[in-house]
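Just below is one structure, and these are the notes that go with it.
The values are calculated or read from the model by the stated rules, or taken from the named source; none is laboratory data. None of these values were measured; they are calculated from a predicted model. Every residue, glycine as well, gets a Cβ built from its backbone with ideal geometry; the counts of neighbours run over all protein chains shown. Heavy atoms of the whole protein, side chains included, go into the accessibility calculation; ligands, DNA and RNA do not. Shrake-Rupley method; radii C 1.70, N 1.55, O 1.52, S 1.80 Å.
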Amino acid sequence: MAEEEKKKSIDPASTMLIEKACRSEISLAFDRARAMKPCPIGAMGSCCSNCGMGPCRVPLPKGKTETPEEKKKRRGICGATAETIAARNFVRMIAGGAAAHSDHGRATAELFISVAKGEAPGYKIKDEQKLLQLALDFGVEIGSRSNQEIAIDVGKAALAEFGKQEGELLFLKRAPLKRQELWRQKGVAPRGIDREIVEIMHRTHTGVDQDYHNLLKQGVRTSLADGWGGSMIATELQDILFGTPTPVPGQINLGVLKADEVNLIIHGHEPLLSEVIVAAAQEPEIIELAKSKGAKGINLAGMCCTANEILMRHGVPLAGNFLQQELAIVTGAVDAMVVDVQCIMESLTDIAQCFHTKIITTSAKAKIPGAIHIEFDEHRAMESAKEVIKVAIENFPNRGSNITIPKERTDLIAGFSHETINYLLGGLFRASYRPLNDNIINGRIRGVAGVVGCNNARVTHNEAHIAMVKELIKNDVLVLQTGCSAMASAMAGLMVPEAAAKFAGDGLASVCEAVGIPPVLHVGSCVDNSRILMAATAMVKDGGLGDDISDLPVAGAAPEWMSEKAISIGQYFVASGVFTVFGVTWPTTGSEELTNYMFKDFEMIYGGMWAFEPDPIQAAHLIIGHIDKKRQALGIDKARERVLYDMAMRRELEAV
Ligand code: XCC
Ligand code: SF4
């Protein structure tokens with residue numbers, strides 16, 4: 001083995017299973033990442049394959065500075081410059097990410113309408129208060145109409161957002177007024193969700209948009225159609241159908257698998273099926289069947305964002321994040337893994353062949369050769385769910401002897417929806433963000449950071465997430481998290497109230513202790529980044545911290561990103577006025593001009609900009625620096641100095 005090889009994971013449970021896979025010569029994403037270096041030209045966004053004359057490669061020449069003449073010659077066959085090529089590649093990533101989130105939102109809207117019409121037994125409307133809120137947002141008449149009538153109209157209005165051709169998305173009106181005006185003035189207020197995505201595909205076709213500013217403008221518009229459109233629709237309608245999350249205890253890591261129960265892992269993104277599986281697993285008939293096969297019961301565990309969805313609403317344990325999906329099968333203890341869409345590795349069926357695990361696909365949009373396909377039908381959801389669970393139960397007796405269930409599992413508290421934060425801070429009768437704003441103004445909390453996104457097999461699993469989050473809370477930055485990033489922090493024990501005293505700075509710890517919250521809040525899945533937009537908006541509306549999101553001492557980060565969805569999320573954070581720093585790799589380095597535009601000029605245009613910093617500690621300090629800059633602009637930097645002085649003085653006194 002190569003000496004001093006970079007660690008694959010910092011998680012002991014994962015490391016143990018990586019070693020087991022290695023002994024059994026099972027290839028994992030970690031191994032494939034080492035065997036295949038990233039294409040250096042593609043990595044900098046300098047390879048275009050948008051037509052049959054290419055692929056054309058226009059990489060930045062290594063080490064030497066180019067003359068303008070040389071730069072002029074660096075073009076694709078159609079004449080496209082490095083700027084155009086990198087910009088086209090980047091906005092196509094946004095289109096991919098926005099499409100994924102939004103198609104999820106569309107599926108939710110379709111189910112929502114079926115439920116409202118009473119055509120989808122197994123579901124019902126759980127959060128009627130939020131239904132009425134959405135009716136107001138969408139201009140649906142409430143009057144003396146029944147909730148069912150209102151819900152049908154809300155569902156139709158949500159679905160219409162996708163195919164709308166004119167006007168602007170309805171949720172934009174939720175943003176601070178100043179932000180809305182800025183979007184309109186810059187011409188980036190999205191019209192319809194599908195329209196913006198299609199327009200990216202059109203503009204990036206050979207010979208269309210050849211001005212990177214203009215390409216990026218459409219990228220911004222499309223990302224906003226994701227964050228304030230498709231993703232927000234997904235989150236809001238899911239809350240109405242399945243309940244708005246409230247604080248719930250849970251556990252995470254592969255140690256949640258059980259030796260004596262049927263283990264069914266639910267992996268993917270859309271909670272439409274998983275919600276019903278959770279219900280079906282409690283049916284006496286199903287539990288009896290499991291017992292008849294010699295199992296003590298049925299153990300459900302989540303993976304990736306589906307995990308976050310059913311954790312937030314039911315406390316179902318989390319088996320792990322993106323880079324643990326293969327490892328779950330390597331335990332030998334997973335009787336079935338059911339998947340829907342997004343972030344599902346095609347290697348799963350191959351690895352499953354070395355064990356007894358059955359892989360079940362359920363979406364007509366996502367099939368995998370070698371998997372069993374049980375298509376999920378919302379009109380008979382309960383039957384579909386039972387069918388899935390039965391595959392796992394029937395497979396339980398086939399478990400081999402090569403079983404390794406790690407002991408690691410960490411406690412966590414999840415369920416911090418935007419509404420819950422509101423309630424926890426202000427109490428039931430005075431729900432508001434006032435206490436948060438006050439504690440930011442008085443300096444106990446320095447600012448707020450949204451740390452989100454994936455795992456990436458090019459870097460040590462979970463390392464950057466945990467290092468960055470620890471550095472932020474140590475410096476009194478309250479952290480909100482979603483996706484695989486949230487799971488990394490949860491595994492490290494950062495999502496329990498006790499973590500405040502252990503890891504947070506004195507100011508943040510004192511607030512967390514008073515309110516009884518962890519210093520790192522689990523806000524949900526990746527579509528739930530829309531909750532972070534709502535939280536930021538609530539902070540603006542509560543007053544005292546400026547009149548736009550770009551005035552707030554807040555920032556965003558995705559230290560281990562890999563998916564196109566992460567790029568779309570990052571772009572809508574930036575376009576909403578948030579400074580956002582990504583790790584691992586940056587996909588436009590092939591054009592300095594374009595990269596500078598996004599890293600510098602964007603701040604002047606949108607009040608938020610991108611940054612790239614692979615070192616998580618340095619990235620944390622970019623965030624802290626940005627937060628301090630905003631505090632200074634708000635004139636609240638002095639308050640913080642006083643707080644720190646107080647703490648130091650207090651310690652001195654204690655020492656006497
Ligand atoms: Fe996928 Fe959402 Fe990324 Fe995790 S964080 S790897 S997108 S599961 Ni969204
Ligand atoms: Fe090459 Fe232009 Fe075709 Fe891209 S669109 S592959 S740069 S010729």
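Restricting to the range 306-327, and then to whatever is away from ligand 1 (no atom under 14 Å from the Cβ) and either without any contact (Cβ under 8 Å) to a residue 24 or more places away in the chain or under 13 Å from Asn263 (Cβ atoms) (or both), can you tell me which residue is least open to solvent (accessible area, probe 1.4 Å)?
Taking the candidates together, the pick is Val316.
Identify the residue in the range 596-621 that is open to solvent by 20 Å² or more (accessible area, probe 1.4 Å) and touching a residue at least 60 places away in the same chain (Cβ under 8 Å) and, among all such residues, is nearest to Asp476 (Cα to Cα).
If we take residues in the range 596-621 being open to solvent by 20 Å² or more (accessible area, probe 1.4 Å) and touching a residue at least 60 places away in the same chain (Cβ under 8 Å), then His621 is nearest to Asp476 (Cα to Cα).
Is one or more of the residues making up the range 234-243 of a type in the set (Val, Ile, Thr), open to solvent by 10 Å² or more (accessible area, probe 1.4 Å) and farther than 29 Å from Arg399 by Cβ?
no
Restricting to the range 372-397, name every residue that is surrounded by fewer than 17 Cβ atoms within 10 Å (Cβ to Cβ), assigned to a helix (DSSP H, G or I) and under 29 Å from the mean Cα position of the chain (by Cα).
His379, Met382
For residues that are under 27 Å from Ala366 (Cβ atoms) and either of a type in the set (A, V, I, L, M) or within 16 Å of ligand 1 (Cβ to nearest atom) (or both), tally how many sit in the range 73-101.
10
Please work out if Ala13 is among the aliphatic types (A, V, I, L, M), away from ligand 1 (no atom under 16 Å from the Cβ) and open to solvent by 80 Å² or more (accessible area, probe 1.4 Å). Give the derivation first.
Details: among the aliphatic types (A, V, I, L, M): yes; away from ligand 1 (no atom under 16 Å from the Cβ): yes; open to solvent by 80 Å² or more (accessible area, probe 1.4 Å): no.
Considered against the rule, which asks whether it is among the aliphatic types (A, V, I, L, M), away from ligand 1 (no atom under 16 Å from the Cβ) and open to solvent by 80 Å² or more (accessible area, probe 1.4 Å), Ala13 comes out as no.
I want to confirm something. Restricting to the range 43-72 and keeping residues that are buried (at least 17 other Cβ atoms within 10 Å of the Cβ) and not in a loop (DSSP other than H, G, I, E, B), which single residue is nearest to ligand 1 (Cβ to nearest atom)?
Ala43
Being out of contact with any helix residue (DSSP H, G or I) (no Cβ under 7 Å at 6 or more places or on another chain), farther than 26 Å from Gly583 by Cβ, away from ligand 1 (no atom under 16 Å from the Cβ) and open to solvent by 10 Å² or more (accessible area, probe 1.4 Å) narrows it down to one of Gly546, Gly516, so name that one.
So the residue among Gly546, Gly516 that is out of contact with any helix residue (DSSP H, G or I) (no Cβ under 7 Å at 6 or more places or on another chain), farther than 26 Å from Gly583 by Cβ, away from ligand 1 (no atom under 16 Å from the Cβ) and open to solvent by 10 Å² or more (accessible area, probe 1.4 Å) is Gly516.
Only residues that are loosely packed, with under 15 Cβ neighbours inside 10 Å and in contact (Cβ under 8 Å) with a residue 60 or more places away in the chain: list them for the range 294-305, please.
Residue satisfying the conditions is Gly294 alone.
Search the range 443-486 for residues being among the small types (Gly, Ala, Ser), open to solvent by 10 Å² or more (accessible area, probe 1.4 Å) and within 15 Å of ligand 1 (Cβ to nearest atom), and hand back the single one that is farthest from His269 (Cα to Cα).
Ala464
Could you list, in sequence order, the residues of the range 256-270 that are in contact (Cβ under 8 Å) with a residue 60 or more places away in the chain and either in contact with a helix residue (DSSP H, G or I) (Cβ under 7 Å, 6 or more places away or on another chain) or in a loop (DSSP other than H, G, I, E, B) (or both)?
Result: Leu257, Lys258, Ala259, Val262, Leu264, Ile265, Ile266, His267, Gly268, His269, Glu270.
Quick one: in the range 176-207, of everything that is within 30 Å of Gly76 (Cα to Cα) and outside any helix (DSSP H, G or I), which residue is nearest to ligand 1 (Cβ to nearest atom)?
Here the answer is Thr204.
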